[in-house]
Amino acid sequence: MNDIRRTVLWVIFGFSMVLLWDQWQISHGHKATFFQGQPVKVDASSVAPAQPASDTSVPAGTVPVAAAAPATVPADTAPAKTGERFTVSTDVLKLRFDTQGGTLVGSEFVRYGDNADKAKNFVLLDDSKDRVYLAQSGVVSGAVPGAFPTHKSPMTVSGARELKDGVDELQLTFTSADVGGITLVKTYTLKRGSYAVSVKHDLTNTTAAPIAPQLYLQLVRDGNKPVGESSFYSTFTGPAVYTDAKKYQKVEFADIKKKSAEYEKQSTNGYVAMVQHYFASAWVLPEGMDRTISLDAVDIGSNLPDCCYRAAMVGPLAAIAPGATQTIDATLFVGPQEEKMLEALTPGLELVKDYGWLTILAKPLYWLLDKLHSFIQNWGWSIVALVLLLKIAFYWLNAKAYASMAKMKAVNPKIMEMRERLKDNPQQMQQEMMRIYREEKVNPMGGCFPIMVQIPVFIALYWVLLSSVEMRNAPWMGWIHDLSAPDPYYILPLIMTLTTLLQTALNPAPPDPLQAKMMWYMPLAFSVMFFFFPSGLVVYWITNNILSIAQQWLINIRMGVPPQFNLPSFK
């Protein structure tokens, strides 16, 4: 029966691998092959999302305004013209702006190297022949139909281009011409050490009548997976919406394309974001401000095979009196998924670092890993220390499991002799096996439950290590210079394979020869995947294997069952 327990565990592990593969398929849009229909043909570079009518109250004594009308959407799909482009630098960011609408068209992270070339900065936002990823904002019609300043309107710019030593912030101001009776002034404020950019929108009514426009904020991105992302583990790439009512809502590109995406479309709080492995961007409006949320597929005339998708918020504004100015402050986050930093910016933003359904376990594990790192100052050794603490915490559960395995190992010779003697009488064989278990006080499933209890914890730790940007470019020792990248010489995966086989050899061999062979084939098959996994994950698995072998060895000795290696027979 001991082989049944191991079979159950391998089935669970195998099912987990299947789920990972399935999620990889979904996150990379392979299901779109079977969808009917095409993306909506709309020019994201020239218009804001179309929005439903919104009621705008007009203060007493003012000239009444027309009922709110939907924003108009031109049908042309020609690529947008560009204005002057220039770079603004801080100690952590290099941002590239376009005076055509004051749009953010590029971002580099000074403290994070590129996947392929560590000497180069990592690029998130981009507007090149290979990538489209933009952050845009502007004004669309509300109570009075008409054209207003959008992210395609030419603007003049003023302000510093570099954060000087001794200065904590810089401001960059874009000013539009009068368009439809409104002038728009965008002021970007960049602060030292921060990936959050304050974006103030000042709307001035230059007409003799009140105007009630709408402010839109949007992220436009191609649907391709990040360059260099591994095909052997799953991470989410796509838009996300957060509101207090429905919390964090991820949306697949494929669901947007076939217009079946489900998310909250009206709210007075939250954010819209574009998420990928380790990094994210997000627009945040002030708490309490009404906003309509939309996710749609658009065509901006790009040559990319899957372009593009848009995550937008549109907020109706109160009527602006003649000559008056209305100010709306927004926040644009463009940066790494550093959990503590995200938590400080706005409620729920830390969820872009997605642990999935095991968040309740993963968050305290990350907290503990971060605390260990604050003492050890090395992420690799912090992983080792964390696994050690988990093994200590689960010591008695593991001891119970290994004690059960030791008992099974002690009675295994009797079982093997009995199976050979009664191989032609399966019914009597089963009765005799149960008698031996009863007399020896052995529970063949006694080691299964203690191990299964720990499985969610170690899966949660897997997602912590896979999702934490702190592992990116983090060295461990010797040849391991990046815990987020595979071992370049495959030494760690080989060690992991050997420790897995050693652990299998210490277990009692299943009486069934076929199952005995499977117990050796399966570790070899699954170990192949670890040759392509991040080194940090392999370090975690090796540490867990070594500690498990040591504990199993000691328990066998204490119970009077000398450890022995049960080598396979493949005859």
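The values are calculated or read from the model by the stated rules, or taken from the named source; none is laboratory data. Computed from a prediction, not measured in an experiment: that's the story for all the values here. Cβ sites come from the backbone with ideal geometry, for glycine too, and all protein chains shown count toward neighbours. SASA here: full protein model, heavy atoms, side chains in, ligands and nucleic acids out. Shrake-Rupley method; radii C 1.70, N 1.55, O 1.52, S 1.80 Å.
Stretching the chain fully between Ser198 and Gln428 yields a gain of 75.0 nm (0.36 nm per residue, less the alpha carbon separation). Packing order of peptides 115-128, 237-250, highest average first: 237-250, 115-128 (average count of other Cβ atoms within 10 Å over each peptide's residues). Each peptide in 416-422, 522-528, 294-300 was scored by the mean count of other Cβ atoms within 10 Å over its residues; highest first, the order is 294-300, 522-528, 416-422. What does the net charge come to around Thr183 if you take all other residues with beta carbon closer than 15 Å to its beta carbon, with K and R at +1 and D and E at -1? Once all neighbours under 15 Å are counted, the net charge is 0. Amide hydrogen proximity for Asp91: with H placed 1.01 Å from N in the peptide plane, the residues at 5 or more positions away or on another chain lying under 5 Å are Gly193. Close amide H pairs (under 5 Å, H built 1.01 Å from N) link Val298 with Cys308, Tyr309, Arg310, residues at least 5 positions away or on another chain. Bridging of Lys265 to aspartates and glutamates at a Cα separation below 17 Å is possible for Asp55, Asp244, Glu252, Asp255, Glu287, Asp290, Asp296, once same-chain residues fewer than 8 apart are set aside. Taking each residue as 0.36 nm, the span from Arg558 to Ser374 lengthens on full extension beyond its C-alpha to C-alpha distance by 62.5 nm. Label point of Val167 set 7 angstrom out along Cα-Cβ; within segment 174-189, amide nitrogens under 14 Å from it belong to 188-189.
For the set Lys118/Lys391; Lys200/Lys225; Lys94/Lys340; Lys186/Lys257; Lys120/Lys191; Lys118/Lys250, the pairs lying more than 27 angstrom apart at their alpha carbons are Lys118/Lys391; Lys200/Lys225; Lys186/Lys257; Lys118/Lys250. Shape analysis of segment 235-281 places it in the oblate category; the axes a ≥ b ≥ c from the Cα gyration tensor give an a/c of at least 1.5, with a/b not above b/c. Measuring with a 1.4 angstrom probe and ignoring ligands and nucleic acids, Lys265 comes out at about 100 Å² accessible. Per-peptide packing, taken as the mean over residues of other Cβ atoms within 10 Å, places 211-220, 466-475 in the sequence 211-220, 466-475 from highest down.
Applying 0.36 nm per residue to the separation of Ile436 and Tyr490 and subtracting their alpha-carbon distance, the gain on full extension is 14.9 nm. Anisotropy class assigned to segment 275-348 is oblate, per the alpha carbon gyration tensor with a/c at or over the 1.5 cut-off and a/b no larger than b/c.
For segment 148-164, putting each phi into the Karplus relation 6.51 cos²θ - 1.76 cosθ + 1.60 with θ = phi - 60° gives couplings of 10, x, 10, 6, 9, 6, x, 9, 9, 10, 8, x, 6, 10, 8, 7, 7 Hz, in residue order, rounded to whole numbers and with x for Gly and Pro.
Once you sort the root eigenvalues of the Cα gyration tensor of segment 118-244 as a ≥ b ≥ c, which label holds: rounded (a/c under 1.5), prolate (a/b larger than b/c) or oblate (the other case)? Oblate, since a/c reaches 1.5 and b/c is not below a/b. Among residues other than Glu169 with Cβ under 14 Å from its Cβ, the summed charge is +1 (Lys and Arg +1, Asp and Glu -1).
Backbone amide hydrogens, once placed in the peptide plane, bring Thr103 within less than 5 Å of Asp98, excluding anything fewer than 5 places away on its chain.
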